[in-house]
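J.: Pasting in a structure now, in structure tokens, and then I'll have a few things to ask.
Values in this text are rule-based calculations from the coordinates and carry no lab data. Quick caveat, the model's predicted, so the values are computed rather than measured. Cβ placement follows ideal geometry from the backbone for every residue including glycine, while neighbour counts extend to all protein chains displayed.
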Amino acid sequence: MVSPDIRAWEVERRMTDDERFGMLYSLMPIDVRTKQPDPRVPKDAPRGAGYVRGVPRLGVPAVSMTDASLGVTSPPNYRPGDSPTAFPAGVALGATFNPPLARRMGEIIGREARVRGFNVALGGGINLIRDARGGRNFEYISEDPWLSGVMGGETVAGTQTEGVIASLKHVSLNVSETNKFVLDAQIDPAAHRESDLLAFQIAIERGQPGTLMCANNKVNGAYACGNDPILNGVIKNAWGYRGWILSDWRAVHDWDFALTGLDQESGAQLDSLEWFNEPLRDAVAKGTVSRAQISDMVRRMLRSYFAVGIDRWARAPRIDPVADAAATLETARQAIVLLKNEHNLLPLGARWRRIAIIGGHADLGVLSGAGSSQGSPPNGQVIDIPVGGQGGLAAIRREVYFGSSPLKELKKLLPSSDVVYDPGAYPSSAAAVAKASDVAIVFATRHESEGFDAPDLSLPYGQDALIDAVAAANPNTIVVLETGNPVAMPWRQRVKAIVEAWFSGQSGGQAIAEVLTGVVNPSGRLPMTFPRSIEQMPHQRIAGGNVPLGTPTTFWYHEGAEVGYRWFAKMQDTALFAFGFGLSYTSFSYDDFSAAAQGDTTIAANVTVMNTGRSIGADVPQLYLVRAPDGRRQRLLGFERVTLRPGESRRVSLVADPRLLARFDTTERRWRLEAGPYTVALARGADSVVDTRVVQLRDRLFGR
Ligand code: BGC
């Protein structure tokens, strides 16, 4: 078969200018401002986030884009009655530390996009979690470039094997939502390469996404979608990325973004300078922009179309709703993190006569995150509270629960217990119900949304006080958190068990009930650090949070590459719950740990993991760099999730990507490994080192 590059070259050459320029922007089939169909989009095009014209005479398909970070979305009034599979939050996927699950989710997204006629899935949000208040953190994967890069890359690969182009977003530093449209996120360029950009680099290498989405904010002075050093300098030139870069919606401010790396304007109806391509046409006519530049933009799109095969769709894939639902359930199960379990109160057995379930709308469903990634699953959005607020995104801030009720599922699994429900509206009533029960389980929720950040680490609607009251009334209090971010848990000493269930998707209620009752052994690990307080975080205030909405500000990410657990290591501070932490109902031992240089270029380590407890379970041994020749520096180098029966053991081998050991040298524009001793640690989490080894490495410059 002719290579996609050659085909793209040949097809582009035969295009007219109208055809070329017609591909440089997408239109929203339903204009979000008027809520009406845009007459320029063919009536039979599927209603999603964007539509791009094709060139039928040359076999170039039109493009229809759907949001798909956590499953194909179906916003209200787009495709009434359509209910695609809704996965748990991105952080939940991150908590599984299980790349094959990410791939399977990607495949399902690919198939579900395709049967609806979408050939581009806008997913793979892999911005690093830098601030525990970030409103969109739930949609991303983790605070770590290796974990986020691997999981993001696998999701992309899964989607693209189904013949649907996947994107990764949002390059770069879309860390906070407050004021993101005017915020200038500033960072040291080398640190950027070692953190957020490294996540994208790893994911691109692994998944080969056909497209990347640039962010709304500015980075180091220039809008992310008009950012020459990042888009042209790093992504296209240094990394040799061959796909196309499309903008986030509302992220294009000038036609000359085409000169600084942007290939396509998204949701053209929204930009202040509508019709990116008209002024661009004028510029070509005047000779300010070369024709070669326009051809390159178009060729990049065509190359991805042909490489992924959206021009060769044969029969529609077969959808298996039962298998897809099972995949969401499995992800939700593996994502749940057991944070505390005093006196082995969990799992709940048949011995408890009366169990009180309190709050969190647990009688009806599980919470989901809001914004463009929000799903509308087959079991419905059973509660929909328009939360609102200030600014243009207030309408998408909705507190939506999916119809998978933890209460109903618990009743099924605990048939001999009397399971009662209290809504948790009044602490005193809840406490009375708790007092009259043997065990009290509080479901605490915190809605998070695109467009907004949280002011602090508390639970909203007085739920911290509710938990206090319940814990005072019943010594056997368990808290199940449905959050997309860390919370401070001021009541943590007063409750016996804490479970982080995240936004658990369409099957979340079942997964939670199974973990609480021991049908499933918890195995999730935290994909982000839970700080004790905001004072421990690198920033006391959220970026852009100190000025009225819409006021341009700059924000200096002084922590650079020392994000999350890396920051805690640097400050020698202890978190409330560290990155990588998670308990199990069984126990695991580590033996014969060894680490050595591999061909002088990196470090390889081995360890034997054994299940020393009484139930089957999964463990996630982790390898970290903890000291390099230039001093203390913590980096996750590798991880592997292993499922073991009692008494079973397995040898695990981990090889570090050498970029995780190195520093980025901005003068040489290459990675630099300094000669000397590197201390690596085998650990159960970022702060619980089991054993260390020192490995000598030679100096070298490598990569780009
Ligand atoms: C979001 C993107 C999303 C796009 C299209 C924007 O508001 O930031 O992540 O893909 O909308 O819906």
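J.: From the P(r) of the chain, could you give the percentage of C-alpha pairs in the tail past 35 Å?
T.: Working: 103334 of 247456 pairs.
That fraction is 42 percent.
J.: With the Cα gyration tensor of segment 140-260 in hand, convert its eigenvalues to equivalent ellipsoid semi-axes via √(5λ) and list them largest first in whole Å.
T.: Square roots of five times the eigenvalues give 22, 16, 14 Å.
J.: What translational D, rounded to a whole number of µm²/s, comes out for segment 168-217 from Stokes-Einstein when the hydrodynamic radius is the Kirkwood one over Cα pairs, at 4 °C and 1.567 mPa s?
T.: Values: Rh = 11.6 Å.
Once the numbers are plugged in, D ends up at 111 µm²/s.
J.: Let me ask another. Rank-order 597-604, 252-259 by packing density, defined as the average count of other C-beta atoms within 10 Å over each peptide's residues, highest first. It would help to have the intermediate numbers written out before the result.
T.: Values: 597-604: 15.5, 252-259: 21.2.
My ranking of the peptides, most packed first, is 252-259, 597-604.
J.: When DSSP assigns beta bridges and you keep just the ones with both residues in the chain, what percent turn out antiparallel, to the nearest 5?
T.: Antiparallel bridges: around 60 percent, rounded to the nearest 5.
J.: Right, another one. Suppose the Debye formula is applied to equal point scatterers at every Cα of segment 74-159; what is log10 I(q)/I(0) at q = 0.12, 0.14, 0.24 Å⁻¹?
T.: Reported log10 I(q)/I(0), two decimals: -0.37, -0.50, -1.14.
J.: Can you work out ³J(HN,Hα) from phi for every residue in segment 48-54, in order, using Karplus 6.51 cos²θ - 1.76 cosθ + 1.60 and θ = phi - 60°, giving whole Hz and x for Gly and Pro?
T.: Working through the residues one at a time gives x, 7, x, 9, 10, 4, x Hz.
J.: A follow-up question, please. Ratio of alpha-carbon Rg to the 2.2 N^0.38 Å globular estimate for segment 439-551, to two decimals, please. Intermediate results must be reported in sequence, preceding the final value.
T.: Details: Rg = 15.7 Å, N = 113, 2.2 N^0.38 = 13.3 Å.
Here the Cα radius of gyration is 1.19 times the empirical estimate.
J.: Compute the Kirkwood hydrodynamic radius of segment 229-332, taking the inverse of the mean of 1/r over all pairs of distinct Cα atoms, and give it in Å to one decimal.
T.: After inverting the pairwise mean of 1/r, the radius is 16.3 Å.
J.: I need the shape label for segment 187-253. Rule: rounded when a/c is under 1.5, else prolate if a/b > b/c, else oblate, with a, b, c from the alpha carbon gyration tensor.
T.: Oblate, because a/c is 1.5 or more while a/b does not exceed b/c.
J.: Pull out the extension gain between THR161 and VAL420, defined as 0.36 nm times the separation in residues minus the alpha carbon to alpha carbon distance; nm, one decimal.
T.: Net length gain for the segment: 88.6 nm.
J.: With axes computed from alpha carbons, what is the tilt in degrees of helix 196-207 against the longest principal axis of the chain, rounded to the nearest 10 within 0 to 90?
T.: 80 degrees
J.: In a solvent-free Debye calculation with one equal scatterer on each Cα, what is log10 I(q)/I(0) for segment 8-116 at q = 0.13 Å⁻¹, listed in the order of the q values?
T.: Here log10 of I(q) over I(0) equals -0.63.
J.: Can you pull the percent of Cα pairs in segment 539-693 with separation above 25 Å?
T.: That tail contains 42 percent of the Cα-Cα pairs.
J.: Scan around SER26 for amide H atoms under 5 Å from its own, H built in the peptide plane at 1.01 Å from N, and keep only partners 5 or more places away or cross-chain.
T.: Under 5 Å from the amide H of SER26: GLU265, SER266, GLY267, ALA268.
J.: Which order do MET571, MET23, MET537 fall in if you start with the one that has the fewest other Cβ atoms within 10 Å?
T.: MET571, MET537, MET23
J.: Give the angle, between 0 and 90 degrees and rounded to the nearest 10, that separates the Cα long axis of helix 291-308 from the longest principal axis of the Cα atoms of the chain.
T.: The answer is roughly 50 degrees.
J.: Related question: Expressed as an acute angle from 0 to 90° and rounded to the nearest 10, what is the orientation of the C-alpha long axis of helix 99-115 relative to the principal long axis of the chain?
T.: Computed tilt is about 50 degrees.
J.: Sort segment 555-612 into rounded, prolate or oblate with this rule: let a ≥ b ≥ c be the square roots of the eigenvalues of the Cα gyration tensor; rounded if a/c is under 1.5, and if a/c is not under 1.5, prolate when a/b is larger than b/c, oblate otherwise.
T.: Here segment 555-612 falls in the oblate category.
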